[in-house]
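Structure record follows, encoded as structure tokens.
The values are calculated or read from the model by the stated rules, or taken from the named source; none is laboratory data. For clarity, every value in this text was computed on a predicted model and none was experimentally measured. We place every Cβ from the backbone using ideal geometry, glycine too, and count neighbours over all the protein chains shown.
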Amino acid sequence: MSTLVGFRRPSLREGVTRTRTPDNGTEFSYLDGRRFVEFEFDPDRADRFHEFIDALASGELGASDLAAAFPGTPEEYAEMLEALDEQGMIVEAEQTAEAGMSGITAYATLRRHAEEVRATVHSPLIKALVDGTVTRDQLIGYAIEYWHVTHLCPRALAPVLARDDLGIEVWTKLMDFYQSERNHDRMMEKSLSAVGITRAQLLRTQPLPATAAVMASLGVYAYNFPVALIATLFPMEEPELDFLDLFRERCAELDLPEGFVKPIVAHSDVNEDEAHDAVSLDLLAEIPYLGTETVRECAKAVADVIEQRARIDAQIISWYGNGGGVRDLASAEYPTAAGKALTCAPLTLPA
């Protein structure tokens, strides 16, 4: 995904310093050097690059004019500005009366962005379900990782409830959502017990790296950036009816017991009955104004969650498809071969 979502007139953020290096490149530094990035330029283009950097720092050129002034390819332009933006060094220079929006408008913007990201990201697990190549172990592995998500969700949400700057309406709705998410892991435990996996085993397991990453991201948002947490709830919670139909069909084909399938379907039904897919809209509706930069950062968080969910699916296919099984790291029989096979399959569709 592009990290330059919504910039009309990109500029260097106040406090960013730039220094020419001995080889005629440029080093950018921010927050007393805690964030920095250095670029080297071809000697025959160095002067033009420095002119471009001056134009970027001035904040006087619109996005299209700035791109046209770049003395390189569009790919090089995107790489340079994305590298700066990743370090928090790019800011919107165009401040207009329309620079912000209501929470409801922000929700509509985020949903459109989510659909754009989904068009370029695919799930290897869904592909395996569609083409019938998914295995029994991979379906069980999906349930194990789903258990980790439901088990860790209340812990990821908890930091946001310690904040006192959200407003009573937002805080109350977040508390209600937190309460509704508790004990959902017990439904998944019923499912896994049907295939011989106990709660005691699950409590000793480690989630796949991508599963841990997405839950850690939610926890960081809850602690540092509550609006991003709110924004990412709809891609985490909305029902996946097509997925469930395929899941049930493949489980039947692979002779997985009904006791395995029913709790997973029931959990999805609970989320649908409680309108968990609307929780982002419900919460954002309580926020009268969000700045453009805040919405842009929320859009990055939404895209990141969608991509991380696809990585979870890729790792389920890789780990559980290579004999990985339950990830009990304390076991003497930990499957090192499956660990070597664990990889993130490409997430973007071919051009």
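Below, the figures for the structure above:
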quantity	calculated
Candidates Ile126, Ile104, filtered to the one that is hydrophobic (A, V, I, L, M, F, W, C), surrounded by fewer than 20 Cβ atoms within 10 Å (Cβ to Cβ) and closer than 30 Å to Phe260 by Cα	Ile126
Enumerated helices (runs of 4 or more DSSP H) restricted to the stretch 175-236, each holding at least 2 residues that are of a type in the set (S, T, N, Q) and buried (at least 17 other Cβ atoms within 10 Å of the Cβ)	209-224
Residues satisfying the stated conditions in the stretch 261-307, i.e. at pLDDT 90 or above, touching an Asp or Glu at 6+ places or on another chain (Cβ under 9 Å) and hydroxyl-bearing (Ser, Thr, Tyr)	Ser280
Strands (runs of 3 or more DSSP E) contained entirely in the stretch 5-59, each with at least 3 residues that are within 16 Å of Tyr77 (Cα to Cα)	10-12, 35-39
Sole exception among (1) more than 29 Å from Asp245 (Cα to Cα); (2) in contact (Cβ under 8 Å) with a residue 60 or more places away in the chain; (3) not in a helix (DSSP H, G or I) for Val134, by number	(1)
Sole residue being in a loop (DSSP other than H, G, I, E, B), touching a residue at least 24 places away in the same chain (Cβ under 8 Å) and over 25 Å from Pro226 (Cα atoms), chosen from Gly72, Gly141	Gly72
Whichever residue in the stretch 123-138 is more than 17 Å from Pro209 (Cα to Cα) and small (Gly, Ala, Ser) and, among such residues, is farthest from the chain's Cα centre (by Cα)	Gly132
Restricting the stretch 139-159 to residues that are under 21 Å from the mean Cα position of the chain (by Cα) and farther than 18 Å from Glu237 by Cα, the residue that is surrounded by the most Cβ atoms within 10 Å (Cβ to Cβ)	Gly141
Residue check, Asp44 over 22 Å from Glu92 (Cα atoms), surrounded by fewer than 17 Cβ atoms within 10 Å (Cβ to Cβ) and modelled with pLDDT under 95	yes
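Residue by residue, here is whether (1) among the acidic types (Asp, Glu); (2) within 30 Å of Ala285 (Cβ to Cβ) holds:
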| site | (1), (2) |
| --- | --- |
| Arg35 | no, no |
| Arg45 | no, no |
| Thr73 | no, no |
| Glu76 | yes, no |
| Met80 | no, no |
| Leu84 | no, no |
| Ile104 | no, yes |
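For (1) of a type outside the set (Asp, Glu); (2) out of contact with any Ser or Thr (no Cβ under 7 Å at 6 or more places or on another chain); (3) more than 21 Å from Glu293 (Cα to Cα), each residue gets a yes or a no:
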site	(1), (2), (3)
Glu14	no, yes, no
Thr21	yes, yes, yes
Asn24	yes, yes, yes
Arg45	yes, yes, yes
Ile53	yes, no, yes
Glu60	no, yes, no
Ala68	yes, yes, yes
Thr73	yes, yes, yes
Met80	yes, yes, no
